1. Apply the Karplus curve 6.51 cos²θ - 1.76 cosθ + 1.60, θ = phi - 60°, to the phi angles in the stretch 13-18 and return the couplings in whole Hz, x for Gly and Pro.
2. Check SER46: other-chain or 5+ apart residues with amide H under 5 Å from its amide H, H built from backbone geometry?
3. Given that just one value was derived from the coordinates, which of (1) 14.5, 50; (2) 14.0, 42; (3) 15.0, 53 is Rg and Dmax of the Cα atoms in Å?
4. Please list, ordered by chain and number, the residues whose modelled amide H lies under 5 Å from the amide H of SER63; skip anything fewer than 5 residues away on the same chain.
5. Spelling out what I want: for every residue of the stretch 84-92, take phi, set θ = phi - 60°, compute 6.51 cos²θ - 1.76 cosθ + 1.60 (Karplus), and round to whole Hz; glycine and proline get x.
6. If the only charges are +1 at each Lys and Arg Cβ and -1 at each Asp and Glu Cβ, what is the size of the charge dipole of the chain around the Cα centre, to the nearest 20 debye?
7. Using modelled amide H (1.01 Å from N, peptide plane; none on Pro or chain starts), what sits under 5 Å from the amide H of ILE79, excluding residues fewer than 5 places away?
8. Among the lysines, select those whose C-alpha is under 28 Å from the C-alpha of LYS29, and discard any that sit fewer than 8 residues away in the same chain.
Amino acid sequence: MIVRDFHEAKKTDRRVAAGNWESVRLLLKDDNMGFSFHITTIKAGSESQFHYKHHFESVYCVSGDGSITDLATGETHEIRPGVMYALDKHDKHILRGGKEDMILACVFNPPVTGNEVHREDGSYAPESEAV
């Protein structure tokens, strides 16, 4: 059994931050669960473009507000507590924070190692290149 405290994990290298977001990675590849699990905060008023070409991601909004725009279709969806979205086609997207920080529970498959950084195109490296 794996038990981790978010507040304790936030004080370790499991917390990864960039300009518009921070993520506490509670489960990683070396936990051997077949997926990784993160609690991610998107800053209010921010805008970030992502394209997980090598990963699938499912996201559930715990609190806050924002929106996601599918860059293939131009369609924008509002995000609020209780809303889930899944990037089932490796969807290139823009994630926007709303009036308050958005707290998201995120699952990645394949799991991330914890060392990933977003590349210039908004993606993480494929699993074969992960450290």
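We did not get these values from a lab; they are worked out from the coordinates using the rules stated. What you see is a predicted model; the values in this text were computed from it and never measured. Methodologically, a virtual Cβ is constructed for each residue, glycine included, from the backbone with ideal geometry; neighbour enumeration extends over all protein chains shown.
1. 6, 6, 8, 10, 10, 10
2. Amide H neighbours of SER46: GLY97.
3. Label (2) holds the value from this structure.
4. For SER63, the qualifying residues are ILE103.
5. 10, 9, 10, 8, 7, 10, 6, 4, 6
6. Working: 15 positive and 21 negative charges, 50 e Å.
My answer is approximately 240 debye.
7. So ILE79 has HN proximity to GLY66, SER67, ILE68.
8. By straight Cα distance, LYS29 reaches LYS10, LYS11, LYS43, LYS53, LYS89, LYS92.
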